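See below for the structure under consideration.
Throughout, read-outs are computed from the coordinates displayed, never taken from laboratory work. It should be emphasised that the depicted structure is a prediction, and the values quoted were computed from it without experimental measurement. Heads up, the Cβs are rebuilt from the backbone with ideal geometry, glycines too, and the neighbour counts pull from every protein chain shown.
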Amino acid sequence: MLADLLANYLYVVRYLVILLMLLLLFFAIDDLFVDLYYWTSRLSRYFRFYRNHKKFDEQALFPLKEQPIAIMVPAWHEVGVVGKMAEFTAAELDYENYQIFVGTYPNDPDTQADVDAVCARFPHVHKVVCARPGPTSKADCLNNIIMSILDFERRTQVKFAGFVLHDAEDVVSAMELRLFNYLLPKKDLIQLPVYPFAKGMFSFTSGHYLDEFAENHGKDVVVRESMVGQVPSAGVGTCFSRKAILKLSQEGDGLPFDVQSLTEDYDIGFRLKSWGMEEIFVRFQVTDDLLARHAETSNSRSQSEGNVVCVREYFPETFHTAVRQKSRWIIGIVFQGFKTHGWTKDWRLNCFLWRDRRGVITYFVSFISTLIFVQLCLFWLYDQLVPGGYHYLSIFLDDPLVKILLVLNFFFFANRMIQRMIFVRRYYGINQALLSMPRQLWGNVINFFANLRALTQVLKHGDPHRVAWDKTQHEYPSIGPTRASRSIGSILVEQNALTQQQLDFGVEQQQAGERLGQSLLRLTLITPEQLGKAVALQLNLPYIACDPFTLDPKLIALLPEQLALKYMVLPYKLEQGVLTLLKEGQLSPVALAQIERHTALKVKLVICAYGTVSLGVRHWYRQEPDLNPDIYLQQCVWNERISKADMAVLQQRYLAGQLSFGDALIQAAL
């Protein structure tokens, strides 16, 4: 009876095996294309160039004039880590003209104290305190750092040529900034390879990162950059040109990094490429071992490939933390990436987008294949140990299709293992290369559960942009709508409200915590009405020209003071049970739902001129007298002290000077 059940089970498994092997064969051919492209290109470069030319090495980097470079390090609860990293970087880098900006949070005094100790020793290390308490997201922290860097530029008359992104746990290469300095006049995004530190022989969880990064940054990204010219940022070891940061700030309305993305670094590579900017993934080999002090020391590693300028760091060592981290990558790259970027008109880029996103399928296929492989090994062991027993594997071995698929998949599996071992051996040596084979199985388990967790979170929230940021035990939900497709700056330029030069100047003059529109108003480059119309067009909402002092008091009574102050909105009209609210900018769906629950009314949003809501809230809810300047201005017109045109200009300037108390606190970093 048991034998019959096993036989029936194996017949079912046979069809599943055929399906899995067909899928594995498809993915293997995809991988084989990348392998062939890489090795063909490498041999071609050798015979066409490297064999006949002197190799470009670090000696060519030293004579170049050092451009000012800013290093950005976001930090939340990094006591004992960020201080050492900043101190190590300040002491290690073979470069002088740079500044380090470490982003901390007002509710993280221990990390601040850690950074303060380093700042006291190294004057080119600066502490940045974010406007909002942590934990927010890495992107939000970086936005605060960039605002602080621009403020530093205004105070010191320094203009940074490059903005380098690092994490608190990074160990930097001594030649990193010299390499960036060489490439910056020509490239807008420069990405260095990342090589995790190797732990013990049985540290399979952290070790599988080692294998994946070695092959990905040794081959896959190299092919991607060669074929497409597009490079995904790794989030560390990334340098942005000044042109790139200004463009990101303009398109993000003063916020270069998208706070709603769990993998904002991956997203930026696509945005810069779509704007025609130059990107490069660079593997630069140094000849002096002293300039690669933190590389691996195995005698069996490649002496050239093992000395590349790169970023070293430790990766998670526990199963749980690895699953959490990888599930965040899957959500950001696969689900948010697909929703934000979709597919393009370039088939080559689509090939690599497919490779980025296919993990949703391959992780499941690899895990199930591993489980079935283990079962078949047990049946094979039974056949060997029990003479005259049932030959269960004959169900598979007697099928010609299965035989063909087994041979093909075995060939491609062997190729995959050999390819991975080659790239692991280059940097880490032969011992780690051999360990990459059993680590592949454990990596399949981690990737499967990370994929499962990512799918569960996306299905639970219904929208990948709503999934919480879980870098630490705290959570920061991304609950707002996606980034607007058009920036305020581009709309204002398109409407001839200001020139591109004025827009660039407005970005450079932004103060800490200040939005781009506020900066342009402060510099009198635009009017509140122009800003309001641009915001309305950006958000695809109606624009209303409204006098905040002539609203219906009955409408004011419909909206409680607490909600008006919290969300900075004013009731404008009520029609058929729908309350129209005035707002100077975007309001999240969560905030709208909150207002609907409290008012028991359907709510819709319209945009008004900047300053209108601030004045209206103060007038109607705070009962501040003498806010309306119109009576005095009318008297001035009647007395012929000013003209009607002067009155209109003064009214716009009065609106432009309004700032809500909350915005004032944020700008003051309080």
Spin-label model distance (nm) - Leu565 vs Arg154, 7 Å beyond Cα toward Cβ: 2.9 nm
If I histogram all Cα-Cα distances within segment 31-91 using bins 5 Å wide from 0, what percent of pairs lands in each bin? 4, 12, 10, 10, 10, 9, 11, 17, 12, 4, 0
Indicate, rounded to the nearest 5 percent, the antiparallel portion of the DSSP beta bridges found entirely in segment 538-661. 40 percent
Loop trypsin sites (Lys or Arg not before Pro), segment 163-232 (other Cβ atoms within 10 Å of the site Cβ: 14 or fewer; DSSP): Lys186
Val12/Gln635 FRET efficiency (R0 56 Å; Cβ-Cβ; nearest 0.05): 0.05
Between Phe319 and Cys377, what's the calculated FRET efficiency when r is the beta-carbon distance and R0 is 30 Å? Round to 0.05. 0.80
Which angle from 0 to 90°, rounded to the nearest 10, does the C-alpha axis of helix 528-539 make with the longest principal axis of the chain? 30 degrees
Tally Lys/Arg at +1 and Asp/Glu at -1 over every other residue whose Cβ is under 14 Å from the Cβ of Leu601; what's the total? +3
From fewest to most C-beta neighbours within 10 Å, the residues Leu503, Leu587, Leu25 line up as Leu25, Leu587, Leu503
Over the chain, with a single point scatterer placed on each C-alpha, what log10 of the ratio I(q)/I(0) does the Debye formula yield at q = 0.07, 0.09 1/Å? -0.57, -0.87
With r as the distance between the Cβ atoms of Ile29 and Leu523 and R0 = 45 Å, compute the FRET efficiency 1/(1 + (r/R0)^6) and round to 0.05. 0.20
Assuming 0.36 nm per residue, please report the length gained on full extension of the stretch Ile280 to Asn415 beyond their Cα-Cα distance. 45.8 nm
Cβ charges +1 (Lys, Arg) and -1 (Asp, Glu), total dipole of the chain, debye: 1140 debye
Nearby lysines by direct alpha-carbon distance to Lys243 (threshold 29 angstrom, same-chain neighbours under 8 apart not counted): Lys65, Lys127, Lys138, Lys159, Lys186, Lys187, Lys219, Lys273, Lys339, Lys345, Lys533
Ranking of Lys602, Lys573, Lys326 by count of other Cβ atoms within 10 Å, fewest first: Lys602, Lys573, Lys326
Give the range of the longest stretch in the chain that excludes all GluC sites (Glu not before Pro) found in loop regions by DSSP and having at most 10 other beta-carbon atoms within 10 Å. 97-639
So if each residue of separation counts as 0.36 nm, and I subtract the Cα-Cα distance between Arg45 and Trp329, what length gain in nm does that give? 98.9 nm
Say each of Arg358 and Arg486 gets a label point 7 Å from the Cα, pointing the same way as Cα to Cβ; how far apart are those two points in nm? 3.8 nm
Restricting to bridges with both residues inside the chain, how much of the DSSP beta-bridge set is antiparallel, in percent to the nearest 5? 35 percent
Report the local net charge at Arg420: Lys and Arg +1, Asp and Glu -1, summed over other residues whose C-beta lies under 10 Å from its C-beta. +1
Mind giving me the nanometre distance, one decimal, between the label points for Ala545 and Lys243, set 7 Å out from Cα along Cα→Cβ? 4.0 nm
What net charge do the residues around Pro109 carry, taking every other residue with its C-beta under 15 Å from that of Pro109, with Lys and Arg at +1 and Asp and Glu at -1? -4
Which angle from 0 to 90°, rounded to the nearest 10, does the C-alpha axis of helix 242-251 make with the longest principal axis of the chain? 60 degrees
Against the longest alpha carbon principal axis of the chain, how many degrees, from 0 to 90 and to the nearest 10, is the axis of helix 589-599 turned? 50 degrees
Expected output is a single nm value to one decimal: the length gained when fully extending between Lys199 and Thr297, i.e. 0.36 nm times separation in residues minus the C-alpha distance. What is it? 34.0 nm
Residues of segment 305-331 with amide N under 11 Å of a point placed 7 Å along Cα→Cβ from Trp442: 317-319
